[in-house]
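Here's the structure, in structure tokens; my notes come after.
The values are calculated or read from the model by the stated rules, or taken from the named source; none is laboratory data. On a predicted model such as this, the values are computed, not experimentally measured, just so you know. We place every Cβ from the backbone using ideal geometry, glycine too, and count neighbours over all the protein chains shown.
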Amino acid sequence: MRSGLAGTSTTAVSERAGVSQGGLFKHFPTKTELLCAALEALLAELLEDFRRAYRGIAAGEDRVTAALQVLWGVFRQPRLQAAFELYAAARTDPQLRASLAPVLASYRRELRAEARALFPRSALRNPHFDAVAQAVIDAAQGAALGDLVLQDPEAQEQRLRQLERWVRGELVEEERGGHSCRP
């Protein structure tokens with residue numbers, strides 16, 4: 001969707017894919033189904049990006065800092081702008097919203113599962129773990145969306161550090177006396 005959602009026609013998609021419009025509609029009967037499939041593929045790629053980056057966190061490296069930097073970086077990838085456009089379009093298109101909802105719900109579950117795998121002790125000990133993880137994901141995604149317009153690297157860094165302090169308080173330092181629950 002280099003030309004944006006408004007400029008994404010099924011004709012342009014079929015030409016770029018090298019298939020006829022009939023062939024395109026054989027696989028995706030509506031433009032909404034095509035867009036949902038494209039978003040599903042994009043989100044699957046992003047999940048793999050998260051997993052690959054998380055596996056790359058070195059032993060002894062601060063997992064909170066590393067995980068937040070990965071999340072922050074992935075949400076700032078230019079290809080995610082296409083997802084943001086679909087989210088905004090779904091706000092006023094009930095059919096698109098209904099089609100995107102299960103795709104996005106599945107993506108959110110997968111991201112929370114990744115968070116539980118990365119912080120297993122905190123996930124077991126904190127009854128609000130999933131809500132905290134989702135709030136972190138939403139904050140990173142919202143910041144990335146805002147940064148499309150208001151690019152301020154210093155402010156971005158400040159927000160990331162504040163988010164890190166909050167995460168440490170919520171997920172990592174659950175035991176009193178300063179003991180960390182890091183895996």
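Within the range 100-129, the set of residues being more than 15 Å from the chain's Cα centre (by Cα) and closer than 19 Å to Phe50 by Cβ comprises Arg116, Ala117, Leu118, Phe119, Pro120, Ser122, Ala123, Phe129.
Screening Phe25 on (1) at pLDDT below 80; (2) aromatic (Phe, Trp, Tyr); (3) closer than 26 Å to Ser122 by Cα shows it passes everything except condition (3).
Just a yes or no: is a residue in the range 57-73 more than 24 Å from Ala131 (Cα to Cα) and assigned to a helix (DSSP H, G or I)? No.
For the range 33-62, name all the residues that are surrounded by fewer than 17 Cβ atoms within 10 Å (Cβ to Cβ) and either closer than 21 Å to Ala139 by Cβ or among the polar types (S, T, N, Q) (or both). So that I can check it myself, show each step before the final result.
Of the range 33-62, the ones surrounded by fewer than 17 Cβ atoms within 10 Å (Cβ to Cβ) are 33, 37, 40-41, 44-45, 48-49, 51-53, 55-62.
Matches in the range 33-62: Asp49, Arg51, Ala53, Ile57, Asp62.
Looking across the range 97-127, just one residue is closer than 18 Å to Arg168 by Cβ and aromatic (Phe, Trp, Tyr), and that is Phe119.
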